[in-house]
Amino acid sequence: MAQDQPEQSMHEAADVAAAMEHMRREAGSPPRKVSTDAIKEQIHGVGPVGRFNNRLASIVTKGVGTMWAAYLFAAIALVSLPGAINAYQRGDTVLAIGWLSQSFLQLVLLPIIIVGQNVISAHQDARAETDHETLTTLYSINVHQLKILETQDQILKALDKQAGLTGKGSHA
């Protein structure tokens, strides 16, 4: 049994060294944060046309994606409601259904859907920011722990050297 201990501690030391080398390789760089500007560049490009398209899309989306736009579109759709009702009473169901689907549903639901997407997007952005902060903190802790382990490894090697055990493979 006494003879198995040096061999066992040799394997344990090799496992620790392999684990430390793996941590050194995997520590890499801190988690990167993806900005909205970087995403915009990927969608339309970085040239003048791409920047113009990004600006225009943002302005239109911000303008149409409000509840005020939904109210305005509902009022516009309601202007033609009497004509649609009149057509339905005359038996023209196609015109009535066309008003419902084209005038009312599309005009009113579009801004409401955009508002909903904006609410969801704001929640996801806040969550992504929190996740990024958490990952960055965990990365910092990991780097600190790795430094502690490297220092401990150096101390153990120095102690082994002092004790004359370096050649016997107890901590290398």
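The table for this structure:
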| item | result |
| --- | --- |
| Output for the stretch 58-91, where each listed residue is charged (D, E, K, R) and at pLDDT 90 or above | Arg90 |
| Count of the stretch 32-65 residues which are in contact (Cβ under 8 Å) with a residue 24 or more places away in the chain and over 25 Å from the mean Cα position of the chain (by Cα) | 1 |
| Candidates Ile39, Ile76 - the one that is closer than 14 Å to Leu109 by Cβ and out of contact with any strand residue (DSSP E or B) (no Cβ under 7 Å at 6 or more places or on another chain) | Ile76 |
| Any hit, the stretch 79-86, residues being exposed (fewer than 11 other Cβ atoms within 10 Å of the Cβ) and over 23 Å from Val34 (Cβ atoms) | yes |
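The values are calculated or read from the model by the stated rules, or taken from the named source; none is laboratory data. Because the structure is predicted, anything quoted here is derived from the model rather than measured. Virtual Cβ from ideal backbone geometry, glycine too; neighbours counted across all protein chains shown.
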